[in-house]
Amino acid sequence: GENVEQHPSTLSVQEGDSAVIKCTYSDSASNYFPWYKQELGKRPQLIIDIRSNVGEKKDQRIAVTLNKTAKHFSLHITETQPEDSAVYFCAASTDYGQNFVFGPGTRLSVLP
Amino acid sequence: NAGVTQTPKFRVLKTGQSMTLLCAQDMNHEYMYWYRQDPGMGLRLIHYSVGEGTTAKGEVPDGYNVSRLKKQNFLLGLESAAPSQTSVYFCASSYTGYNEQFFGPGTRLTVL
């Protein structure tokens, strides 16, 4: 089955700097890759997603890149702000988005 | 709209007891999911459903059963609870497998 690895497990950046989180997946049939943000004690919320027919997607300060050949995708956050502090999860899905496998998460801390 | 709701919010069980967790959504979503979240392990898919009357196994289905008799409800059952099932359980729903999953607030279950 699919296996998703995520690095780093923790990341601290200064406010205004950029943050990059990388995920690798094992199943070449995976074709949908969402990223979720979870603040402490709250439910996960989607921040951006990408399908396998696209190499890059951007939404304001957030971008995701996908390298299907290498089977990895990355989350890029620019101009980080304290409210970006949270745990970020990547996920990979096959079978028309039926079966989701999440990475273990990255705890991002943005220091003022 | 209430979005996705979960009942109960907290529960403590003794080993061997049974219980049912209820997830309800009012967004007319076809897809519904049950996840468990354990520290350092991200979200793991237990079971999912792609429509009323359908269910399928996810990554960690053992010890759980589900039913989707009505489109808006997805029930997760534990027939004989074990301490290893102590976790936070999240329900989610989405319009299709390639759309945002909306998560419920979670149920914190402790099995003694």
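The values are calculated or read from the model by the stated rules, or taken from the named source; none is laboratory data. Bear in mind the structure is a predicted one, so any value in this text is a computation, not a measurement. In this analysis, Cβ positions are derived from the backbone assuming ideal geometry, glycine residues included, and neighbour counts consider all displayed protein chains. These accessible areas exclude ligands, DNA and RNA; they are computed on the full protein's heavy atoms, side chains included. Shrake-Rupley method; radii C 1.70, N 1.55, O 1.52, S 1.80 Å.
Among the lysines, which have Cα under 30 Å from the Cα of B:Lys9 when same-chain residues fewer than 8 positions away are ignored?
Straight-line reach from B:Lys9, under 30 Å: A:Lys37, A:Lys42, B:Lys57, B:Lys70, B:Lys71.
Using a Förster radius of 25 Å, what is the FRET efficiency between B:Leu69 and B:Gln17 based on their Cβ-Cβ separation? Nearest 0.05, please.
Working from the Cβ atoms, E equals 0.60.
Highest first, please rank the peptides B:86-95, A:18-27 by the mean number of other Cβ atoms sitting within 10 Å of their residues. Can you show the working numbers first?
Working: B:86-95: 21.7, A:18-27: 18.2.
Top of the packing list down: B:86-95, A:18-27.
Report, as an integer, the average count of C-beta atoms from other chains found within 10 Å of each Cβ along B:57-70. The partial results should precede the final answer.
Details: counts 1, 5, 6, 0, 0, 0, 0, 0, 0, 0, 0, 0, 0, 0.
Taking all residues of B:57-70 together, the mean is 1.
Taking the Cα centre of the protein assembly as shown as the origin and placing charges on Cβ (Lys, Arg +1; Asp, Glu -1), which of B:Gly77, A:Phe89, B:Gln25 is farthest toward the positive end of the dipole?
The listed residue farthest towards the positive side: B:Gly77.
Please label the shape of segment A:59-103 as rounded, prolate or oblate, based on the square roots a ≥ b ≥ c of the eigenvalues of the alpha-carbon gyration tensor (a/c under 1.5 means rounded; beyond that, a/b larger than b/c means prolate, else oblate). Please report the intermediate quantities before stating the final value.
Numbers: a/c = 2.67, a/b = 1.70, b/c = 1.57.
It is prolate, given that a/c is not under 1.5 and a/b is the larger ratio.
In debye, nearest 20: dipole of chain B around its Cα centre with unit charges on the Cβ of K, R (+) and D, E (-)? The partial results should precede the final answer.
Working: 10 positive and 8 negative charges, 62 e Å.
Here the size comes out at about 300 debye.
Using θ = phi - 60° and the Karplus relation 6.51 cos²θ - 1.76 cosθ + 1.60, list the HN-Hα couplings for segment A:33-47 in order, rounded to whole Hz, with x at every Gly or Pro.
9, x, 10, 10, 10, 10, 7, 4, x, 10, 7, x, 9, 5, 10
Classify segment B:29-102 as rounded, prolate or oblate, taking a ≥ b ≥ c as the square roots of the eigenvalues of its Cα gyration tensor: rounded when a/c is under 1.5, otherwise prolate if a/b is larger than b/c and oblate if not.
Numbers: a/c = 2.34, a/b = 1.38, b/c = 1.69.
Taking the square roots of the gyration eigenvalues as a ≥ b ≥ c, segment B:29-102 is oblate.
Can you figure out the FRET efficiency of A:Ala29 with B:Asp26, using R₀ = 25 Å and their beta-carbon distance, to the nearest 0.05? If you can, show how the numbers build up before the last one.
Details: r = 33 Å, r/R0 = 1.33.
Taking R0 as 25 Å, the efficiency between A:Ala29 and B:Asp26 is 0.15.
Dipole magnitude of segment B:24-69 about its Cα centre, charges +1 at Lys/Arg Cβ and -1 at Asp/Glu Cβ only, in debye to the nearest 20?
100
Hey, rough spin-label estimate for B:Met41 and A:Asn3, points 7 angstrom out along Cα→Cβ, what's it come to in nanometres?
1.7
Got a number for carbon plus sulfur as a percent of the protein assembly as shown's accessible area, 1.4 Å probe?
That share works out to 49 percent.
Please name whichever of B:Gln37, A:His7, A:Thr106 sits farthest to the positive end of the charge dipole of the protein assembly as shown, dipole taken about the Cα centre and charges placed at Cβ: Lys and Arg +1, Asp and Glu -1.
The one lying farthest along the dipole's positive direction is B:Gln37.
Among A:Tyr25, A:Leu40, A:Ile50, which residue has its Cα positioned farthest towards the positive end of the charge dipole of segment A:1-81, with +1 placed on the Cβ of Lys and Arg, -1 on the Cβ of Asp and Glu, and the dipole taken about the Cα centre?
Value: A:Ile50.
Run the dipole for the protein assembly as shown about the Cα centre, Lys and Arg Cβ at +1, Asp and Glu Cβ at -1, nothing else charged, and hand back the magnitude in debye, nearest 20. Walk me through the numbers on the way to the answer.
Values: 21 positive and 21 negative charges, 97 e Å.
For this selection, approximately 460 debye.
Normalised by the residues of segment A:54-96, what does the relative contact order come to in percent, with Cα pairs under 8 Å and at least six apart? Mind dumping the intermediate values first?
Details: 33 pairs, mean separation 10.6, N = 43.
Value for segment A:54-96: 25 percent.
Can you list the HN-Hα couplings for segment A:7-13, worked out from phi with the Karplus curve (6.51, -1.76, 1.60; θ = phi - 60°), rounded to whole Hz and with x for Gly and Pro?
So the J values, rounded to whole Hz, are 9, x, 7, 9, 8, 10, 9.
I'd like the Karplus ³J(HN,Hα) series for segment B:22-34: coefficients 6.51, -1.76, 1.60, θ = phi - 60°, whole numbers in Hz, and an x wherever there's a Gly or Pro.
After applying 6.51 cos²θ - 1.76 cosθ + 1.60, I find 10, 10, 10, 9, 10, 9, 6, 6, 7, 8, 9, 9, 10 Hz.
Write out the cysteines belonging to the protein assembly as shown for which the nearest other cysteine Cβ is not under 4.7 Å, or none if no such cysteine exists.
none
Under the 0.36 nm per residue contour assumption, what length would be gained going from the current alpha-carbon distance of A:Thr10 and A:Glu56 to full extension? Mind showing how you got there, number by number?
Numbers: separation 46, 0.36 × 46 = 16.56 nm, distance 2.40 nm.
Contour length minus the Cα-Cα distance gives 14.2 nm.
Count, for each residue of B:100-107, the Cβ atoms from other chains sitting within 10 Å of its Cβ, then give me the mean as a whole number.
Values: counts 6, 9, 4, 7, 1, 3, 4, 0.
The shielding value for this peptide is 4.
Across the residues of A:73-80, average count of Cβ atoms on other protein chains within 10 Å? It would help to have the intermediate numbers written out before the result.
Working: counts 0, 0, 0, 0, 0, 0, 0, 0.
Per-residue shielding by partner chains comes out at 0.
For the protein assembly as shown, what is the percent of antiparallel DSSP beta bridges, rounded to the nearest 5?
On the way: 71 of 80 bridges.
Around 90 percent of the beta bridges assigned by DSSP in the protein assembly as shown are antiparallel ones.
Need one word for chain A: rounded, prolate or oblate. Basis is the Cα gyration tensor (sqrt eigenvalues a ≥ b ≥ c); a/c below 1.5 gives rounded, then a/b vs b/c decides.
Cα axes put chain A in the prolate bin.
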